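> A single structure is presented below for examination.
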Amino acid sequence: MLDAAGIARLIPHSGRMCLLARLERWDAHTIVCSASSHRDADNPLRTASGLLAPCAIEYAAQAMALHGALIGQQADDAADAARPGFLASARGVQFHRLRLDDLAGALTIEAQRQAGDAQQILYHFRVQHAGQPVAEGRAAVVLNTPLAA
């Protein structure tokens, strides 16, 4: 489907901050991506303690941004096209481990659109490693809302 370079062209994250490696599959309601950047010593989210589990939320947020961009590419008119957005909240998040950087294989990131309109979208997300849960929760994305200067 898409590799890291193709993903970087569609989301506002660039360089090392583009954390996703590959788009595995997507449809109007779901996106599944994979990532290996959690093992990178120069991961921009890494601290002296390593890459901590809350960073899984950023992996999920990038999958959501990619989902919006892909839907926008298929839009028939400007009203349905992708609009700028930002992560407004993450709720009910459960972390199943302390760190991500000690996981040897790829992460699988899945986001499912649960509801939405022209102003906001609610996703359920799940980050897994080797079929085991790493993090999961809900995220609200606010669209087309300028941030105060």
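The values are calculated or read from the model by the stated rules, or taken from the named source; none is laboratory data. Predicted model, so just to flag it, every value in this text is computed and none were measured. When we count neighbours, we look across all protein chains shown, and the Cβ atoms used for this are built from the backbone with ideal geometry, even at glycine.
> Quick one: how many residues across the stretch 27-43 are touching a helix residue (DSSP H, G or I) at 6+ places or on another chain (Cβ under 6 Å) and more than 18 Å from Asp102 (Cβ to Cβ)?
Of the residues in that region, 2 qualify.
> Looking only at residues in the stretch 114-149 that are in contact with a helix residue (DSSP H, G or I) (Cβ under 7 Å, 6 or more places away or on another chain) and at pLDDT 95 or above, which one is nearest to Cys33 (Cα to Cα)? Outline the logic, then answer.
Pass one, the stretch 114-149, residues in contact with a helix residue (DSSP H, G or I) (Cβ under 7 Å, 6 or more places away or on another chain): 123, 125, 127, 134-135, 139, 141.
Next, only the ones that are at pLDDT 95 or above stay: 123, 125, 127, 134-135, 139.
Values: Tyr123: 15, Phe125: 11, Val127: 10, Val134: 15, Ala135: 15, Ala139: 17 Å.
That would be Val127.
> Right, next: If I ask for residues that are surrounded by 12 or more Cβ atoms within 10 Å (Cβ to Cβ) and either more than 18 Å from the chain's Cα centre (by Cα) or among the hydroxyl-bearing types (Ser, Thr, Tyr) (or both), which ones from the stretch 120-149 would you list?
Tyr123, Thr145
> Shifting gears a bit: Report yes if Asp77 is in contact with a strand residue (DSSP E or B) (Cβ under 9 Å, 6 or more places away or on another chain), modelled with pLDDT under 95, more than 19 Å from Ile7 (Cα to Cα) and not aromatic (Phe, Trp, Tyr), otherwise no. Don't jump to the end; show me each part of the working.
Working: in contact with a strand residue (DSSP E or B) (Cβ under 9 Å, 6 or more places away or on another chain): no; modelled with pLDDT under 95: yes; more than 19 Å from Ile7 (Cα to Cα): yes; not aromatic (Phe, Trp, Tyr): yes.
Criteria not met by Asp77.
> Continuing with the same structure: Just to be sure I understand, how many residues within the stretch 106-119 are of a type in the set (D, E, K, R) and either surrounded by fewer than 18 Cβ atoms within 10 Å (Cβ to Cβ) or more than 15 Å from the chain's Cα centre (by Cα) (or both)? Write out each step before concluding.
We begin by selecting, within the stretch 106-119, every residue of a type in the set (D, E, K, R); these are 110, 113, 117.
From what's left, either surrounded by fewer than 18 Cβ atoms within 10 Å (Cβ to Cβ) or more than 15 Å from the chain's Cα centre (by Cα) (or both): 117.
Total meeting the criteria: 1.
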